[in-house]
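Reading through the structure tokens given below for one structure.
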Amino acid sequence: MIHLDRRHLMTGASGLVAAAFLPAPAKANDTLLSPVAMRSDIAILCDAYANLHPGLYRYLTPANFQRQRQCLDRFAATPHTLGDFYLALSAFTASVRCGHSFPNPANQTSAVASALFGKPDRLPFAFRWLDRRMIVTADLGSGHHLPIGSEVVAIDGISARDMLAKMLPYARTDGSNDARKVADLGIPGDADEPTFDVLRALLFPSSGPSARVVVRISGRGETIVCPLMTAAARNGALRHSSKDSPYGWTFEMRGQVGILTMPTWAVFHEKWDWQGFIDTSLDTAVDRQLSGIVIDVRDNGGGLDCGAAIIARLIKAPLSADSYSRHVRYRKIPDRLAPYLKTWDRSFKDWGASAIGPDSAGFYTLTRPGDASDTDTIQPRGRRFAGRVAVLVGSKNASATFGFAGLMQRQRLGTLVGEQTGGNRRGINGGAFFFVGLPESGVEVDLPLIAYWPGTQQPDAGIMPDITVSARTADIQAERDIALMRAVTVVS
């Protein structure tokens, strides 16, 4: 159940509201798309989703989906900028409530990406949302030495709370797990183009090279002028402290406890041996006879199934990796859609005999994995670490990290510590993808192909940790990681 994007591999709301489609002021990309062009793209997208998306009606009824389509068509009745059309598509796909269904910024053509979010308009600080408040977690070049834990109250005259509220209808999540939406709207995000940056560029475009920021430091308000950054410059600042890997992975020891920190599993780019990093870390834990290890994936939104490589070092016997069954909406794609569907594996276009059905609801049971990382069984590998294990989890966990957290908890391989995960226990969609190319606008939209269904009825929620530890502003200000402290205690 992973989330892959075309660039790497091929070199909220229950309904839309009218306000979600209101154009933002003063767009830089001021070339207008015609109603004919937009409606042509909408027809292709809706055709693909209605016939191929396996989770389309998990939270929407067919009638509700048609209402969303009608709302999108009404939006397209008058000319709009590319940015406004991208926002309309984002709100439309958000209504499906599938965390893998959206116009993925990482999958846009260079022309579309440059037009929509290629400006030097990135804020020079990292932050997270706590109780709908924007709390600074790192100063990345503001010129004002913003303290960790200070609160950003407003940016260019717009309150942070209003900014978050305006962004939420465009953000993705699985089901009603809205905590994942909020978590994804922080900086750093879990992607090359964080959701906050994309939406800020379109909803609240900057008019100059700097931003006026109202901050509250130690209870005192102050207005500062911050220079805006390019994406490359800020990414460099974010990664400056990453010592041990190009992805910020680290393994450190505190006494008899090892701490494996993995902020992402989207390890597609560099020729870096991530499997070797995991094995070296676990070998060290075995050699030094550590009492336990803490696996920190709180900021990790998924990617490759790196968790299987960890679990392989914890188990004695082969382990069934997934309690979810796989289902697809089609055996072979309709010919009319073929020109618009890109992917990295031709077999996704025709599942053949591996798709059994259809059943009375029109679903086929898939008897093979989707992507190669869609693991059925995990085999023991290398020397087993037999000490205690804790996994730090949070609302950003979705896709592969959601699956990892669930498997660790179900099989009692470790103790989950932190906050409710993202994802959804009702099942998620992923494992294989089409990238729907909309020819008139040039926008691409991700379409997951495999639905994962639980064996028994589950709540519309993420996975609750065994030990709940919630983040607090006071702890951020004191640079005190109480969740990590608790996890270290658990495995000591």
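The values are calculated or read from the model by the stated rules, or taken from the named source; none is laboratory data. Bear in mind that the values here come from a model prediction, so they are computed numbers and not experimental data. Every residue, glycine among them, receives a Cβ derived from its backbone with ideal geometry; neighbour counts consider all protein chains shown. Protein only, heavy atoms only, side chains kept; ligands, DNA and RNA dropped before computing areas. Shrake-Rupley method; radii C 1.70, N 1.55, O 1.52, S 1.80 Å.
Within the stretch 114-151, the set of residues being open to solvent by less than 60 Å² (accessible area, probe 1.4 Å), more than 15 Å from Pro188 (Cβ to Cβ) and not small (Gly, Ala, Ser) comprises Leu116, Phe117, Asp121, Leu130, Leu146, Pro147, Glu151. When each of Leu130, Leu60, Leu72 is tested for being aliphatic (A, V, I, L, M), closer than 30 Å to Gly462 by Cα and within 20 Å of the chain's Cα centre (by Cα), the lone residue that passes is Leu130.
Residue-by-condition table, conditions (1) touching a Gly at 6+ places or on another chain (Cβ under 8 Å); (2) within 19 Å of Leu202 (Cα to Cα):
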| site | (1), (2) |
| --- | --- |
| Ile42 | no, no |
| Asn51 | no, no |
| Phe65 | no, no |
| Asp73 | no, no |
| Ala76 | no, yes |
| Leu87 | no, yes |
| Ser90 | no, yes |
| Val96 | yes, no |
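Residues that are surrounded by 19 or more Cβ atoms within 10 Å (Cβ to Cβ) number at least 3 in the following strands (runs of 3 or more DSSP E) confined to the stretch 319-401: 324-328, 388-393. Based on what the data block shows, is Gln275 of a type in the set (S, T, N, Q), in a loop (DSSP other than H, G, I, E, B) and more than 29 Å from Gln477 (Cβ to Cβ)? Criteria not met by Gln275. Against the conditions (1) open to solvent by less than 20 Å² (accessible area, probe 1.4 Å); (2) out of contact with any Gly (no Cβ under 6 Å at 6 or more places or on another chain); (3) among the acidic types (Asp, Glu), Asp162 satisfies every one except (1). Among the conditions (1) open to solvent by 60 Å² or more (accessible area, probe 1.4 Å); (2) of a type in the set (A, V, I, L, M); (3) closer than 30 Å to Leu116 by Cβ, the only one that Met464 does not satisfy is (3).
Checking each residue in the stretch 239-267 for being surrounded by fewer than 16 Cβ atoms within 10 Å (Cβ to Cβ) and modelled with pLDDT under 95 picks out Arg239, His240, Ser241, Ser242, Lys243, Asp244, Pro246. Of all residues in the stretch 127-147, those satisfying the criterion of being closer than 20 Å to Ala233 by Cα and outside any strand (DSSP E or B) are Leu140, Gly141, Ser142, Gly143, His144, His145, Leu146. Does Leu413 qualify as being open to solvent by less than 10 Å² (accessible area, probe 1.4 Å) and of a type outside the set (Phe, Trp, Tyr)? No, not satisfied. Candidates are the residues of the stretch 171-209 that are open to solvent by 50 Å² or more (accessible area, probe 1.4 Å) and of a type in the set (S, T, N, Q); the one that is nearest to the chain's Cα centre (by Cα) is Ser176. Within the stretch 296-318, being open to solvent by 60 Å² or more (accessible area, probe 1.4 Å) and modelled with pLDDT of 95 or more holds for Lys316, Pro318. Under the condition of being at pLDDT below 95 and either open to solvent by less than 10 Å² (accessible area, probe 1.4 Å) or of a type in the set (Val, Ile, Thr) (or both), the residues counted in the stretch 431-461 number 2. The lone criterion from (1) within 18 Å of the chain's Cα centre (by Cα); (2) open to solvent by 40 Å² or more (accessible area, probe 1.4 Å); (3) within 22 Å of Ala386 (Cα to Cα) left unmet by Asp283 is number (1). In the stretch 75-98 there is at least one residue matching the filter, namely being within 20 Å of Leu168 (Cα to Cα), at pLDDT 95 or above, part of a loop (DSSP other than H, G, I, E, B) and open to solvent by 10 Å² or more (accessible area, probe 1.4 Å). Within the stretch 103-113, restricting attention to residues that are in a helix (DSSP H, G or I) and not β-branched (Val, Ile, Thr), the residue that is most open to solvent (accessible area, probe 1.4 Å) is Ser110.
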